[in-house]
Amino acid sequence: MNAKEIIQSGKAILGIEFGSTRIKAVLIDPEYKVIAQGSHNWENQLVDGLWTYSIEAIWFGLQDCYANLRKEVLEKYDTEIEILASIGISAMMHGYMAFNDKDEILVPFRTWRNTNTGKAAKELSDLFVYNIPLRWSISHLYEAILDNEEHVKDIKFQTTLAGYIHWQLTGKKVLGIGDASGMIPVDPDTKTYNADMVEKFNKLIEPRGFGWTLLDIFPKVLVAGEDAGYLTPEGAHKLDISGHLKAGIPLCPPEGDAGTGMVATNAVKQRTGNVSAGTSSFSMIVLEKDLSKPYEPIDIVTTPDGSLVAMVHCNNCTSDINAWVNLFKEYQEMMGMPVDMNEIYTRLFNKALEGDADCGGLMAFNYVSGEPITGLSDGRPLFVRSANDKFSLANFMRTHLYGAIGVLKIGNDILLKEEHVKVDRITGHGGYFKTKGVGQRMLAAALSSPISVMETAGEGGAWGIALLAAFLVNNDSKLSLADYLEENVFAGDAGVEIAPTDEDVAGFNRYIERYKKALAIEKTAVECK
């Protein structure tokens, strides 16, 4: 069948992911190739000191994204989308969405980016003897309790952004295990929330008399391939306001962007890993066994099928690079030059390859927001140099590319150097790797490890959740998720690999030592409000 026939026969599969700056939808065929796309750009808002997206922005964004997908299908194939084989919903993980018995949100959605949960995260980490990050849903919930927020007693349901959208489309209060592992730790044996930690939390809050326990308000945990419900008539209209999409389409368990990144890079097997680098960055290394002890910079989450994963999550990555590139764009416009943003990025990124391996002494901090791994609750983007440093465009760009993954290196050094975690393959994806060979080479130097980039990795998390939706309905052989991806989707494609050079590794190591010392400058800048 051609693409039009696939769409008309209902064999196409839809994946939608809510990223930090873009909502993206992809339509794939039974061979996992993208046949249509749609997107919607959006930005979080800082309201009353907390990062949020409004409910109105969420739904307008979803509907506009789907409308753009529908428009492309009409223009390319002269047909409407009426029925699909399956749908998957993914979104940025963690955060806090709490609802009352009328299904009304009690406080504005608090995203992963917020760092106001320090007291809660510390107390819970001590209680559980397990690292509980600031952005996890349980940290947000307990911080609201510690802060005596009035709404807590009225909570009937708490979920993530992906879980919220899925609930509204299907009526099912469920969550994929990867996303659920960012609410409270899960048990890889039982494939649900860790029972001991749930019991400890319930005892901790029992004297407050809220009238609910954690399992009363948290969504049910599902693993990849399990039934997660069907698109309701109300859900169909919420997604497609034109009214063409029919109800009854199965949905896979909703997942977080970390899980979809693992799927999109074929990194769900043990001893594989991936690095997602865009607005934020995170690395995911699938473990053979648990770590020897908790580490504050390391989060333990799971793959979409429940294997333990060591996650290093950084709040900041490419936003400061984008701001500097926009400065060069303004210069070109002022000089009356034609502006091609792809060309500007490509030329500037490639220029970085001409810089010194240690950036000539220059230093950059990309902290638009706080970075828990380096102990910063707030951020100030900084570029720092001394009078004797080699201040050139090449070194300037290289230091910003290094700075974008500096925190990532600090976290991964714990895994690779202290815990001696073994990794056979690390795959990169996201905007940081868009200019061929540049970000890939920088990351190889940072991790002192070969880095692969696949052509398909550019499709991102929306493609990853579409693959999970395909796994739900097309896995007739009952393969594991890892085997399904290896045999059906990637067929042995490991991507293009770049190995680090000794010079680059030594240069990045010199850079990161200066970076750690210069953190005092960043901390002082944050204090000088």
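Working ranking of peptides 482-492, 304-314 by packing, defined as the average number of other Cβ atoms within 10 Å per residue, highest first, is 304-314, 482-492. Near Val186, the amide H atoms lying under 5 Å from its own belong to Asn194; only residues 5 or more places off or on other chains count, and H is placed 1.01 Å from N.
Partner lysines whose Cα lies under 22 Å from the Cα of Lys417, excluding those fewer than 8 positions away in the same chain, are identified as Lys269, Lys289, Lys293, Lys409, Lys516, Lys517.
In this structure the amide hydrogen of Arg425, modeled in the peptide plane, comes within under 5 Å of the amide hydrogens of Gly273, none closer than 5 places in sequence on its chain. Among residues other than Met442 with Cβ under 9 Å from its Cβ, the summed charge is +1 (Lys and Arg +1, Asp and Glu -1). Seen from Asp240, the other residues with C-beta closer than 15 Å to its C-beta sum to a net charge of -1, counting Lys and Arg as +1 and Asp and Glu as -1. Lys76: which lysines have alpha carbons under 19 Å from its alpha carbon, excluding same-chain residues fewer than 8 sequence positions away? By straight Cα distance, Lys76 reaches Lys4, Lys11, Lys24, Lys33. Packing, as the average of other Cβ atoms within 10 Å across residues, places the peptides 366-373, 497-504 in the order 366-373, 497-504, highest first.
Working note: Cα atoms of the stretch 15-122, range along each principal axis, descending, whole Å: 54, 28, 26.
If you take all other residues with their beta carbon under 10 Å from the beta carbon of Ala310, and give Lys and Arg +1 and Asp and Glu -1, the sum is -3.
Rolling a 1.4 Å probe across all protein chains gives Ser392 an accessible area of roughly 50 Å². Dipole magnitude for the stretch 312-386: about 80 debye, using +1 per Lys or Arg Cβ and -1 per Asp or Glu Cβ, origin at the Cα centre.
Expressed to the nearest 5 percent, the antiparallel share of DSSP beta bridges inside the chain is 70 percent.
Computed 3J(HN,Hα) for the stretch 353-369, one whole-Hz value per residue from the Karplus formula 6.51 cos²θ - 1.76 cosθ + 1.60 where θ = phi - 60°, is 5, 7, x, 5, 4, 10, 6, x, x, 5, 9, 9, 10, 9, 7, 5, 10, glycine and proline marked x.
In the context of the full set of protein chains, residues of the stretch 1-99 present 39 Å² of accessible surface per residue (probe radius 1.4 Å, heavy atoms only). Could you work out the percent of alpha carbon pairs in the stretch 271-424 separated by over 20 Å, rounded to a whole number? Summing the P(r) tail past 20 Å for the stretch 271-424 gives 57 percent. The Cα atoms of the stretch 398-521 give a gyration tensor whose axes a ≥ b ≥ c have a/c of 1.5 or more with a/b greater than b/c, which makes the shape prolate. Under 5 Å from the amide H of Leu222 lie the amide H atoms of Leu175, Gly176, Ile177, each residue being 5 or more positions distant or on a separate chain, with H modelled from the backbone and absent for Pro and chain starts. Listed by chain and number, the lysines whose C-alpha is less than 25 Å from the C-alpha of Lys102, apart from same-chain residues fewer than 8 away, are Lys153, Lys156, Lys172, Lys173, Lys220, Lys238. In order along the stretch 276-286, the phi-based Karplus estimate (6.51 cos²θ - 1.76 cosθ + 1.60, θ = phi - 60°) of 3J(HN,Hα) comes to 9, 9, x, 4, 10, 9, 7, 10, 10, 10, 7 Hz; Gly and Pro are listed as x. Across the stretch 47-52, computed HN-Hα scalar couplings (Karplus, 6.51 cos²θ - 1.76 cosθ + 1.60, θ = phi - 60°) run 10, 6, x, 10, 6, 8 Hz from first to last residue, x flagging Gly and Pro. Here the label points at Arg271 and Met337, each 7 Å from Cα along the C-beta direction, are separated by 4.9 nm in the simple model.
Distance between the modelled labels on Glu487 and Ala518, one decimal in nanometres: 5.1 nm (7 Å Cα→Cβ projection). Farthest toward the positive end of the dipole of the stretch 294-389, out of Asn366, Pro338, Asn326, is the Cα of Pro338, where the dipole comes from beta carbon charges about the Cα centre. Computed over the alpha-carbon pairs of the stretch 49-197, the distance histogram in 5 Å steps reads 2, 9, 16, 19, 19, 13, 9, 6, 4, 3, 1, 0 percent, short to long.
Residue ranking by accessible heavy-atom surface, 1.4 Å probe, largest first, among Lys293, Lys523, Lys478 comes out as Lys478, Lys293, Lys523.
Placing a pseudo-label 7 Å from each Cα along the Cα-to-Cβ vector at Lys220 and Glu75 gives an inter-label distance of 4.2 nm. Helices meeting the span-like rule in the chain (full DSSP H runs, Cα extent of at least 20 Å along the helix axis, mean Kyte-Doolittle score of 0.0 or higher): 460-474. The residue among Gly171, Leu106, Ala120 whose Cα reaches farthest toward the positive pole of the charge dipole of the chain, with charges on the beta-carbon of Lys, Arg, Asp and Glu, is Ala120. Leaving ligands, DNA and RNA out of it, work out the accessible area of Asp476 with a 1.4 Å probe and give it in Å² to the nearest 10. Accessible area of Asp476: about 130 Å².
Stick to Cα atoms and the Kirkwood definition of Rh, then tell me Rg/Rh for the stretch 213-281. My calculation of the ratio gives 1.08.
The values are calculated or read from the model by the stated rules, or taken from the named source; none is laboratory data. Note that the coordinates shown come from a computational prediction; the quantities given were computed from them, not determined experimentally. Glycine also receives a Cβ, built like all others from the backbone with ideal geometry; neighbour counts cover every protein chain displayed. Note: accessible area is taken over every heavy atom of the protein model, side chains too, but ligands, DNA and RNA are not part of it. Shrake-Rupley method; radii C 1.70, N 1.55, O 1.52, S 1.80 Å.
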